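Structure first, commentary second.
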Amino acid sequence: MPAAQLVSSGIERIINQLLKLDASSVLLLQKLSNKQLSVDIHELPWIFKFSFSDQVDVLTVMPDEELLSDCHLALSLSTLQKLKDTSQITRLIQNGELVLEGDVAIAQQFSQLITELDIDWEELLSKYTGDLLAHNTFRLGKKLIHSAKAKANRLATTLGDAAIEEKRIAAPAILVVDFCDQVNELRSATDRLSAKISRLESQSTLSPNKQSN
Amino acid sequence: MSNSQVPQSEHKTKDADSSNIPPIPQEPTGTGEDDSQTHFGFKQVDKTKKASMVADVFHSVAAKYDIMNDMMSMGIHRLWKRFTIDCSGVRAGHKVLDLAGGTGDLAAKFSKIVGEKGQVVLADINNAMLKVGRDKLRNKGVVGNLEYVQANAEMLPFPDNYFDVITIAFGLRNVTDKDKALASMYRVLKPGGRLLVLEFSKPQSEMLSKAYDLYSFHLLPKMGKLVANDSESYQYLAESIRMHPDQETLKAMMESVGFEQTTFHNLTGGIVALHRGFKF
C-alpha cells in the first residue's frame, strides 16, 4: 500500500475539514490560489507539496521528480511550532533551523491560514445538541479549564515557597540574580588577570633577547 | 520498484491451477482471420464488436461504478490514483488529458491543481460513464477548466503536441487496439510531456497471485451481483485483467510507439502497476 499517499490523504482531509469550519479562511486561501508550497520535514521520509485552490491538495514529491514549487521549506518538527510567530522566520533562517527558498510570502500566508483558524466549536456542537446544551457544555468546559489553571498556578506558588522558605533547597530569585552578577564580575576579573599574565609573559621572552644584543 | 521478468507467453498461457478458475486462453497468432479477432475477457470476438461489448459493460455498471470500486479495492484505488497524480508532475497552467476518465476521480484533482490557466479534458468512449462523471464533478463544484469529450482512445480528436500530461487509469485493457491507442496518445502529447498508465497487472508473488485469482473469479462476480445486480460485467472485469499485458510487455509496447525513459511501479504487490513514459 502506498504509505506516503495514505499520510498525504489524511493530512489533506484534516486541513480541508478544518478550513470548511471557518468561513473566513476562504479569503486567506484565495491569496494562495494557484500557488504551490513544498515542505520537507526532516523527521518524515517524504516531501509534501501543498497545492492551493479553493481547497488544499496535498501531493507527495516523488524522489525522481524535480522539486518545482513557488516556495520550499525544509525544517524539523520542533521548528514547525516556532513558525506560528511569523516575525521569527528571519531568526530561524539565520540559525539554520529553517531553509526557505522562493516566495516567503507563501509560507507566511500558509502559516497564517493554519494558525488563524477561528472555529466556533460551540456553534458546531449546537447543531447536534441544541443551543442550550452546547452553551452549558462549553461554559462548564471553560470554567473547568480556568479553575484547573488557577489551581496549577497556586500549586506552583506553594511548592516554590516551600522549597525556598521552608525546606531551603532552592534560592530566591533575587539571590540567583546577585549570584550571577558576582560570577560575571569574577569572570571579568579573571579575564583581566589572564590578559596581564600574557602581557608579562611576552615581555619576559623579549627582555633576554635584548640583553643578548 | 521491482521489474517483473516473466515472459509474455508465460503470462498469457498460465493455467490457473487453483480451484475452478478458468484457464487463460492463448492469444491469436496474428495470421489470416485471427487478425480480425481480439479478446473480450476470455472470449474471442470480432475486433469490430469489442468496443460495443465493452460499452455495454460500462453502460451497465456506470451508476454503481464508484461504490463498486470502493468495495472491490477496499478503498485502495484512491491511493493508487493519488500515486498516479504524485507521479504526474502536474503544475498550474498545464493541459491534462484524463483518458477513459470514467467518473472523474483523477480529473477532479487535476482541475484543482492546474488552476484557471490550465485545462483538463475528461475523455471517455462511453457516454454513460461520461454523464455520471460530469454530474458528479459539477455537484462537487469542479467547473471552469474542465471539459468533457466522448472520444475513442485509438483516434484522439486533439491536435498534435497538445497535452502536458495524459493519464489513463483502468482503461487501457478495454481498448481494442492498444498499440494504436498508445500511438495516438504519443501524438497528442507535447515534447517533454508524460503518459501515465494505471492498470491492473501481474502480482509479483505466487501466493498473492493465487489469493487474487480466488478473489476475482469467485468473490468479485458475487459482489457485482449483490451491489450492481450484474455478475457478468464483473466476470468480464476479472477476465480482462488476466488478458491484459504484464508489466514488462506493456513497457515494451510503450517504447515501441516512441515513449522514452519508460518505467513502471508495482503497487500492492503488482496487482496494479503504474507505467510512465516521456515524449522527447
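The values are calculated or read from the model by the stated rules, or taken from the named source; none is laboratory data. Small disclaimer: the values here were computed from a predicted structure and weren't measured. FYI the Cβ positions are ideal-geometry reconstructions off the backbone, even for glycines, and counts take in every protein chain you see.
What to note about this one:
- If you go through region B:133-155 and pick out every residue that is under 19 Å from the mean Cα position of the chain (by Cα) and either crowded, with 22+ Cβ neighbours inside 10 Å or without any contact (Cβ under 8 Å) to a residue 12 or more places away in the chain (or both), you end up with 2.
- So A:Q55, is it within 16 Å of A:I11 (Cβ to Cβ), more than 24 Å from the chain's Cα centre (by Cα) and either assigned by TED's automatic domain parsing to the domain that holds A:Q108 or of a type in the set (D, E) (or both): yes
- Candidate set: region A:1-29, residues that are free of Cβ contacts under 8 Å to residues at least 24 places away in the same chain and not in a loop (DSSP other than H, G, I, E, B); chosen: the one farthest from the other protein chains (Cβ to nearest Cβ): A:L27
- Scanning region A:72-131 for residues that are in a helix (DSSP H, G or I), in contact with a helix residue (DSSP H, G or I) (Cβ under 8 Å, 6 or more places away or on another chain) and touching a residue at least 60 places away in the same chain (Cβ under 8 Å) returns A:A107, A:Q109, A:Q112, A:L113, A:I114.
- Screening B:I241 on (1) crowded, with 18+ Cβ neighbours inside 10 Å; (2) in contact with a strand residue (DSSP E or B) (Cβ under 6 Å, 6 or more places away or on another chain); (3) closer than 16 Å to B:L196 by Cβ shows it passes everything except condition (3).
- Scanning region A:113-129 for any residue that is within 22 Å of A:L44 (Cα to Cα), touching an Asp or Glu at 6+ places or on another chain (Cβ under 6 Å) and surrounded by 13 or more Cβ atoms within 10 Å (Cβ to Cβ) turns up nothing.
- Restricting region B:113-124 to residues that are surrounded by 23 or more Cβ atoms within 10 Å (Cβ to Cβ) and of a type outside the set (G, A, S), the residue that is farthest from the other protein chains (Cβ to nearest Cβ): B:D124
- Region A:30-39 - residue that is more than 12 Å from chain B (Cβ to nearest Cβ) and modelled with pLDDT of 90 or more and, of those, nearest to A:I106 (Cα to Cα): A:L37
- Residue in region B:158-174 that is modelled with pLDDT under 90 and over 24 Å from B:L79 (Cα atoms) present: no
- Within region A:48-82, the residues that satisfy the criterion of being at pLDDT below 85 and within 9 Å of chain B (Cβ to nearest Cβ) are A:D64, A:E65, A:E66, A:L68.
- Out of B:N127, B:N161, one residue alone is in contact with a strand residue (DSSP E or B) (Cβ under 7 Å, 6 or more places away or on another chain), over 22 Å from B:R91 (Cβ atoms) and surrounded by fewer than 19 Cβ atoms within 10 Å (Cβ to Cβ). It is B:N127.
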